[in-house]
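Worksheet: one structure, shown below.
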Amino acid sequence: MNLEQVHYVDHAITSRQSIRAFLDQPVDPQIIKDILTVASRAPSGTNTQPWKVYVVTGKKRDEMIERVCNAQIELYTKPELAQQYQETFAYYPEKWISPFIDRRRENGWGLYGLLNIQKGEKEKMARQQLRNYQLFDAPVALYFTVNKAMGIGSKMDISMMIQNVMIAARARGLDTCPQAAWNHFHSIVLDVLNAPEDEELVCTIALGYADPEHIVNTFVTPRIGIEEFAVFMDE
Ligand SMILES: Cc1cc2nc3c(=O)[nH]c(=O)nc-3n(C[C@H](O)[C@H](O)[C@H](O)COP(=O)(O)O)c2cc1C
């Protein structure tokens, strides 16, 4: 790879950010196919390629949004329903510790601050949470599933593939938001997708063209320096 190519690859990686407001602009289906073809070069343990993805647009997308938004609104008014909407795997820890909880808080309040949502403004928070299930207006939803028989390793494999999708999307001027929020409503999602019983929802990606005017998309998250997470050993 020459220096120019390195620059392009780095730019596709570093220009990815979670986009939470999309334009009402469709994505050419051929571009989605190209992205998925490239992304499928991801590694997987013993080349099992345990990923499956549902590309949802048009009426199916609208049906999905309507059903899940209705469930979320009902859950907001009847918190006792939470039991019904448990994730199949715990993405976050039950008990948070530093420094992760601090970064999580900084991230949450940073985003809410930008949207003018203050502590205690529960309705505003709920409305912003609901934006997840409206796909932040993205025209395309990608629902990623694995076969339940494949265990935890398959979640590593599919995550590598998903990152490829996000980077390949960037290379084509598209943007994404990875979303674990949908996992709570996996039973509805899988029902709308008519997915087989042995499939488990791992992650959802909102895909489309970013709205450059929306303030939420000015939210650029920090990273810790490599001196904080990398340990170099040569003895
Ligand atoms: C697996 C996964 C799930 C996520 N779920 C959500 C989500 O449900 N809603 C959301 O707005 N952002 C979600 N995010 C985005 C993170 O908040 C975001 O990646 C993080 O704050 C870093 O910001 P950046 O993606 O802009 O670099 C998720 C990210 C990952 C990797």
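The values are calculated or read from the model by the stated rules, or taken from the named source; none is laboratory data. All of these numbers come straight from a predicted model, not from anything done at the bench. Glycine also receives a Cβ, built like all others from the backbone with ideal geometry; neighbour counts cover every protein chain displayed.
Couple of notes before you dig in:
- Residue within segment 66-81 that is in contact with a strand residue (DSSP E or B) (Cβ under 8 Å, 6 or more places away or on another chain) and not acidic (D, E) present: no
- Figure legend. Inter-residue proximity from segment 168-179: first residues free of Cβ contacts under 8 Å to residues at least 40 places away in the same chain, second residues not in a helix (DSSP H, G or I), beta-carbon distance below 8 Å, spacing 6+ or different chains. Indicated pairs: G173/Y209.
- For segment 211-225, the criterion of a residue being closer than 19 Å to Q72 by Cα and touching a strand residue (DSSP E or B) at 6+ places or on another chain (Cβ under 6 Å) is satisfied by no position.
- Residue that is surrounded by the fewest Cβ atoms within 10 Å (Cβ to Cβ), among those in segment 211-235 that are of a type in the set (D, E) and within 30 Å of A21 (Cα to Cα): E213
- Scope segment 43-77; condition at pLDDT below 95 and more than 17 Å from I188 (Cα to Cα); matching residues: T77
- Options L111, L135: the member that is farther than 20 Å from D198 by Cβ, crowded, with 22+ Cβ neighbours inside 10 Å and at pLDDT 95 or above: L135
- Residue count, segment 89-127 (criterion: over 30 Å from S154 (Cβ atoms) and either touching a helix residue (DSSP H, G or I) at 6+ places or on another chain (Cβ under 6 Å) or among the hydrophobic types (A, V, I, L, M, F, W, C) (or both)): 7
- The lone exception for V55 - which of (1) over 22 Å from P212 (Cβ atoms); (2) within 15 Å of the ligand (Cβ to nearest atom); (3) among the hydrophobic types (A, V, I, L, M, F, W, C) it fails: (2)
- Here I35, I19 are screened, and the one residue that is touching a helix residue (DSSP H, G or I) at 6+ places or on another chain (Cβ under 6 Å) and within 16 Å of the ligand (Cβ to nearest atom) is I19.
- Residues of segment 167-201 that turn out to be within 12 Å of the ligand (Cβ to nearest atom) and within 20 Å of D211 (Cβ to Cβ), as a count: 7
- Residue in segment 86-108 that is farthest from M166 (Cα to Cα), counting only those that are at pLDDT 95 or above and of a type in the set (S, T, Y): S98
- Residues being more than 19 Å from the chain's Cα centre (by Cα) and within 12 Å of the ligand (Cβ to nearest atom) - total across segment 115-128: 1
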